[in-house]
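Comments concern the structure below.
A short reminder: the numbers here are calculations on the coordinates, not readings from a lab. Given the structure is predicted, the values throughout are model-derived calculations rather than measurements. Heads up, the Cβs are rebuilt from the backbone with ideal geometry, glycines too, and the neighbour counts pull from every protein chain shown.
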Amino acid sequence: MAQDAGWGGGAYGGAPNGGGPHGGGPYGGQPGWGGWAPPPKPGVIPLAPLTLGDVLGGAFSTMGRYWKQVLGLAAALYGGAALLMAAAVAIAYSAVSDRLERVVSLDYAEEASSADVAPLVIAGCVLVLLGIGTMAIVSGLVYAAVPTVLQEAVLGRTVTVAAVWRRAWARVFPVIGALILTGLVAMVPVVLLTVALFTAIVSLITMADGGGPAIAISLGVIGALITGPLAVWLWVKVCLAPAAVVFEGQGPVAALRRSAQLVRGDWWRIFGIILLAGLMAAVAGYVVQIPFSVLGVFPGMIGSASLEDDPSPAAVVVAMSGYLIASLLGGLVSQIISATFPQLVTGLLYVDRRIRTENLGPALAEAAGVPAQGPYPPPPYGGGAPQW
């Protein structure tokens, strides 16, 4: 089998749904392995259908063994993005500081001149666009890097940070496209119903009926109850798309279709595991932020005590710099956890679904150089082994 990275979908002879006489793999038992011997485990997971413990254990093992490639790369990316935005804010402030101070110093009865407001609006829009673009690229790189590391972690192979970077950068724009499409797919029913409800609310209000507002609020609640579950259902259906982009070299649209194909028949299990991983990451991120917030209180109190009665915006920022830096570091660590651990779990769910439905286990064993276990050899690959 070729040792190149990337897994082609359907390029091998494994039956789409097992195909064995007993509903499992070609030789009975679980897909890809007979039920007579434990499956091999060359890397972070056994090459067999994964349990919840296997998925979570594999995610933690990957973070431990490949922490430089996962956590280190994510820290460098998000830290670099934070430094870039800090520099952009500093440049923007130096360019419009005079106008900002004039606007801030106005009384409530005074109106700011357009000559002062226009540069502030332009600077704000530039910062927003730069922030959106930076976070899109950084998030795309992280979402591409995590499956790249998993490709080697599952096989127990080593990979350098430079190799992960090169392979993630090669797939970053398709991954960004898949992320955007995933968000749009989940948002479409919400947006459509929101427009319909807005139209209904306007109609009810213009009718000047005393019960119009109450009816409008009721329609809004009903709409949220209807579109919320539908959006979640659609999002889970396409949640494996970034992994399909990296593992199989799929385009954004094809990756969404591939994700829906793999999720079919196992929606509730995937939803539960992803929800659990998200909650675990959120709790871990919150716990990590607590010490940073506590450490930031003391320099914030000292700095605020030195402020004058009418401080300038620059003086406020300087006085609160200790608290801001501590909060930024806490948020950065929390972001790293929330961006990597759920993606590791999602990537392992992708592997699990291919093992269950496409008999990928023996092919992975061959790629890892592990002999097949059990009384029967691995099934033949009709069109060549799958690329991994």
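Can you work out the PRE-style zone for ARG102? Point 7 Å along Cα to Cβ, and I want the residues of region 116-130 with backbone N under 14 Å.
116-121
How would you classify region 224-285 from its alpha-carbon gyration tensor, with a ≥ b ≥ c the square roots of the eigenvalues: rounded for a/c under 1.5, else prolate if a/b is greater than b/c, otherwise oblate? Can you show the working numbers first?
Working: a/c = 1.99, a/b = 1.31, b/c = 1.52.
The shape class here is oblate.
Label-point separation (nm) for TRP235 and LEU276, each offset 7 Å from Cα along Cα-to-Cβ?
With each label point 7 Å from Cα toward Cβ, the separation is 1.9 nm.
Multiply the residue separation of GLU111 and THR160 by 0.36 nm, subtract the distance between their alpha-carbon atoms, and state the gained length in nm to one decimal. Can you show the working numbers first?
Values: separation 49, 0.36 × 49 = 17.64 nm, distance 5.78 nm.
Computed gain between GLU111 and THR160 is 11.9 nm.
Out of region 80-163, which chymotrypsin sites (Phe, Trp or Tyr not before Pro) are coil in DSSP terms and have no more than 11 other C-beta atoms within 10 Å?
Taking region 80-163 and a limit of 11 other Cβ atoms within 10 Å, the loop chymotrypsin sites (Phe, Trp or Tyr not before Pro) found are TYR108.
VAL351: net charge of surrounding residues, Cβ under 11 Å, Lys/Arg +1, Asp/Glu -1, itself excluded?
Result for the local shell: 0.
I'd like the Karplus ³J(HN,Hα) series for region 134-150: coefficients 6.51, -1.76, 1.60, θ = phi - 60°, whole numbers in Hz, and an x wherever there's a Gly or Pro.
5, 5, 5, 5, 5, 4, x, 5, 5, 5, 8, 6, 4, x, 4, 5, 5
Arrange the following residues from fewest to most other Cβ atoms within 10 Å of their Cβ: THR182, THR134.
By the 10 Å Cβ count, ascending: THR134, THR182.
For GLY43, what residues show an amide H to amide H distance below 5 Å, using hydrogens built from the backbone and excluding near sequence neighbours?
The answer is GLY156.
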